[in-house]
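Asks: Please see the structure below; I have some questions.
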Amino acid sequence: MSPRDRILVQIPAYRDPELMPTVLDLLRTAACPERLSVVIAWQYGEDERELEKPLRRLAPVRLLMTRAANSQGCNWARRELQRCWSGEEFTLLLDSHHRFAPGWDATLVNLHRQLRDSGIERPVMTAYLPPYDPVRDPQGRVEAVYRMALLERRKGLMFRLTGHPVPGWRKLTRPIPACFASLHLLFAEGRFNEVVACDPDIYFFADEIAIALRAFTHGYDLFHPHVVLGWHLYDRTTRGRHWDDHIGSSRQREQSIERLRSLYAGRYCGRYGIGDQRTLAEYEQLTGEPLLARKTEPLRWEEDHVYFARGPRGTRP
């Protein structure tokens, strides 16, 4: 199959028992599983090693294995995954805790090409997916489409996002223009991996705002799909968390705040900086919010474990 038909699927996984069910469901529900190249940045605990052989037996799967103790964080893993791009026409960024709607791959490709045909040169399909419960699945899957919005700031910076159900979404006939990006579902042209490379020095939260800002200034247009493509597990207590295992995570968080401050001010224009196709002011006009505000309530990291059983309302997935 030519690169034009292929999708590079990128999955960072950190001590997550949902990894194998996610990969199996990804392949089972794909309309054309032969078009998929699946790469997993597997940051494994020693109690997970027995999964290696079953994962390697899945034909389209490639493993980038790192002991969880040596992991440098989620966006470090995402950058390692992006380096695996080898010319595939499309790329899909996911998490390791998903379920998928039948034919999700064909739907994404068709929506992307429809947007291209309508005159959108660089569309990006991205969304917070509705939730599922692995204990009861497939019962309990929520049927909804979400629009992403700013939830909280930290030190005045746009920092954390949320999702709001779109009223009457079943009547929609085309994707919804968006201003923020989800890193648990982002579908774009393969070249996105080079143009908008994930910054390994941004630890967690705000990475999605940084990606959206950089994609927009590089000329990409963001859209939320108007149909349900899959489901996401929002309960972080079901899996290991990097910041619980790594003493240096607090330092990484503070460093990423300073990186964001430079990015939002337009002072950081290197490999992980803003683009030259659009301006910061144009992005602020798109969102209706300043990237940096003078007054803000502090965001407490201790609250970040909170999740909402019926959707992403109030937390980053």
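The values are calculated or read from the model by the stated rules, or taken from the named source; none is laboratory data. As the structure is a prediction and not an experimental result, all values here were calculated from the model. Cβ: placed from backbone, ideal geometry, glycine included. Neighbour counts: every protein chain shown. Note: accessible area is taken over every heavy atom of the protein model, side chains too, but ligands, DNA and RNA are not part of it. Shrake-Rupley method; radii C 1.70, N 1.55, O 1.52, S 1.80 Å.
Asks: In segment 262-286, which residues are touching a residue at least 12 places away in the same chain (Cβ under 8 Å) and either more than 21 Å from the chain's Cα centre (by Cα) or within 30 Å of Pro17 (Cβ to Cβ) (or both)?
Replies: Ala265, Gly266, Asp276, Gln277, Arg278, Thr279, Leu280, Glu282
Asks: Hey, among the residues in segment 96-111 that are part of a helix (DSSP H, G or I) and either among the polar types (S, T, N, Q) or over 20 Å from the mean Cα position of the chain (by Cα) (or both), which one's surrounded by the most Cβ atoms within 10 Å (Cβ to Cβ)?
Replies: This residue is Thr107.
Asks: Mind checking which residues of segment 255-275 are touching a strand residue (DSSP E or B) at 6+ places or on another chain (Cβ under 9 Å) and assigned to a helix (DSSP H, G or I)?
Replies: Result: Ile257, Leu260, Arg261, Tyr264.
Asks: Could you identify the single residue in Ala144, Ala149 that is outside any loop (DSSP other than H, G, I, E, B), out of contact with any Leu (no Cβ under 6 Å at 6 or more places or on another chain) and not acidic (Asp, Glu)?
Replies: Within the list Ala144, Ala149, the selection yields Ala149.
Asks: Hey, another quick one. Just to check your reading of the model, which residue among Met148, Met158 is modelled with pLDDT of 95 or more and either touching a strand residue (DSSP E or B) at 6+ places or on another chain (Cβ under 7 Å) or over 25 Å from Gly240 (Cα atoms) (or both)?
Replies: Going through Met148, Met158 in turn, the sole match is Met148.
Asks: Looking at segment 95-120, which of the residues that are touching a helix residue (DSSP H, G or I) at 6+ places or on another chain (Cβ under 8 Å) and hydrophobic (A, V, I, L, M, F, W, C) is nearest to Ser37 (Cα to Cα)?
Replies: So, considering only residues that are touching a helix residue (DSSP H, G or I) at 6+ places or on another chain (Cβ under 8 Å) and hydrophobic (A, V, I, L, M, F, W, C), the one nearest to Ser37 (Cα to Cα) is Trp104.
Asks: Would a scan of segment 112-134 turn up a residue that is among the small types (Gly, Ala, Ser) and outside any loop (DSSP other than H, G, I, E, B)?
Replies: So far as segment 112-134 goes, no, none of its residues is among the small types (Gly, Ala, Ser) and outside any loop (DSSP other than H, G, I, E, B).
Asks: Taking segment 276-310 as the search range and keeping residues that are part of a loop (DSSP other than H, G, I, E, B) and small (Gly, Ala, Ser), which one is modelled with the lowest pLDDT?
Replies: Checked segment 276-310; the qualifying residue modelled with the lowest pLDDT is Ala309.
Asks: Conditions: (1) out of contact with any His (no Cβ under 9 Å at 6 or more places or on another chain); (2) buried (at least 18 other Cβ atoms within 10 Å of the Cβ); (3) of a type in the set (Val, Ile, Thr); (4) at pLDDT 95 or above. Val142 meets all but one. Number of the miss?
Replies: If we test Val142 against (1) out of contact with any His (no Cβ under 9 Å at 6 or more places or on another chain); (2) buried (at least 18 other Cβ atoms within 10 Å of the Cβ); (3) of a type in the set (Val, Ile, Thr); (4) at pLDDT 95 or above, just (2) comes out false.
Asks: If I filter segment 237-260 for residues that are of a type outside the set (Ser, Thr, Tyr) and modelled with pLDDT of 95 or more, do I get at least one hit?
Replies: The answer is no, given that none of the residues of segment 237-260 is of a type outside the set (Ser, Thr, Tyr) and modelled with pLDDT of 95 or more.
Asks: Would a scan of segment 43-59 turn up a residue that is without any contact (Cβ under 8 Å) to a residue 24 or more places away in the chain, surrounded by fewer than 19 Cβ atoms within 10 Å (Cβ to Cβ), within 23 Å of Trp104 (Cα to Cα) and of a type in the set (A, V, I, L, M)?
Replies: Checking segment 43-59: at least one residue is without any contact (Cβ under 8 Å) to a residue 24 or more places away in the chain, surrounded by fewer than 19 Cβ atoms within 10 Å (Cβ to Cβ), within 23 Å of Trp104 (Cα to Cα) and of a type in the set (A, V, I, L, M).
Asks: When the residues of segment 112-131 are narrowed to those that are among the hydroxyl-bearing types (Ser, Thr, Tyr) and open to solvent by less than 60 Å² (accessible area, probe 1.4 Å), which ends up farthest from Gly190 (Cα to Cα)?
Replies: Here the answer is Tyr128.
Asks: Hey, another quick one. Take segment 208-220 and flag every residue that is touching a Leu at 6+ places or on another chain (Cβ under 8 Å) and either of a type in the set (Gly, Ala, Ser) or surrounded by fewer than 22 Cβ atoms within 10 Å (Cβ to Cβ) (or both).
Replies: Listed by number, the residues that qualify are Ala210, Ala212, Ala215, Thr217.
Asks: Could you identify the single residue in Leu93, Leu64, Leu81, Leu26 that is in a strand (DSSP E or B), among the aliphatic types (A, V, I, L, M) and buried (at least 21 other Cβ atoms within 10 Å of the Cβ)?
Replies: The conditions single out Leu93.
Asks: Further question: Testing Gly240 on (1) assigned to a loop (DSSP other than H, G, I, E, B); (2) within 17 Å of the chain's Cα centre (by Cα); (3) within 29 Å of Ala144 (Cα to Cα), one condition comes back false. Which one is that?
Replies: Only one criterion is unmet by Gly240, namely (2).
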